[in-house]
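Notes follow the structure.
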Amino acid sequence: MSGAETLNPQSVTPQRRTPHDLNPQDRALPGWLRVVAPIAVGVIGLALWVLYVDVLGAAPRMLPSPAAIGAALLEHSDIIREDMATTAFNAFVGLLAGSIFGIVLAGFAASMKAFDGMVAPLVSAIAVVPIVALTPILNTMFGASSQFGRQAVAALAAFIPVFITALRGLRQTRPVHRDVLRASAATRAQTFRLLTFPTALPYIMTGIRIAASAAVIAALVAEYFGGPSDGIGTSIATYAKSGRAALAWAYVFGGILIGLVFFLVTSLLERLATRRSPV
């Protein structure tokens, strides 16, 4: 009997895996659960908030009821929208500038080892600088009436994650793919356009998604520590110090809305980039 005939058929026949055999981390959640779960968490949190503030009456003075916050939000919706627009614009400018700067520097670092060695310590130094320490300096440097200091803080916050993820993505191309393009007499520009950038695009979009939240937070912190009198951060500080807790929390809700919009938009862009990425 030959060696091939002595093989166990089960050793060469692939076994069909049932859903119970899959790793729990590999099972995708149903679409409806992804929507219902966060809504349920929000409803439970709101119910606990109402119980703590309105029913038990154990909350501190600066934690008003959700009804009072909603009333303040409706009453002052015009000025809240104006300040939200200011903060959103500062965060968007910072995100755009930081992303462009991070992608460009990552491109140079990926193509030139000497440049990578020079820029790596600089990026590490920027990453550990506290925003609260840098914000007053930039606001004073560019003047109390200028939004540029706030936008610069948001740009620095967005630069770090975009640079790191873009640099990693630009280094993900496989040698066999580069060899094929080199054998086809492709130029460096064509290789970058057809292979390097499409491969790095999902990584870049992931960095931009992370940077979007960082830019919003940085813009809010920058507004809190000085500069012009408009913006969500400035209003939160002003009304919290004056004891108008409901209005201060209404502005907090406005800042949350800005962060959610930035996160949802960049997440959608990331999903589109991932679907079109090369295999």
Could you check the simple spin-label distance between VAL104 and ALA40, using points 7 Å along Cα→Cβ, in nm with one decimal?
4.9 nm
Kirkwood Rh (inverse of mean 1/r, distinct Cα pairs), the chain, angstrom
22.6 Å
Rg and Dmax of segment 114-160, using alpha carbons, in Å: what are they?
12.4, 41
Stokes-Einstein D for segment 168-209 (37 °C, 0.692 mPa s, Kirkwood Rh from Cα pairs), in µm²/s, comes to 310 µm²/s
For a quick check, take a GNM of the chain with Cα springs below 10 Å and name the residue from ILE79, ILE44, ILE137 with the largest mean-square fluctuation.
ILE44
Ignoring trypsin sites (Lys or Arg not before Pro) that are buried or in helix or strand per DSSP, and keeping those with at most 13 other beta carbon atoms within 10 Å, what is the longest stretch of the chain between them?
62-275
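All of the numbers you see were taken from the coordinates with simple rules; none came from a lab. Remember, it's a predicted structure, so these values are computed and weren't measured experimentally. No Cβ is skipped: glycine too gets one built from the backbone with ideal geometry, and neighbour counts run over all protein chains shown.
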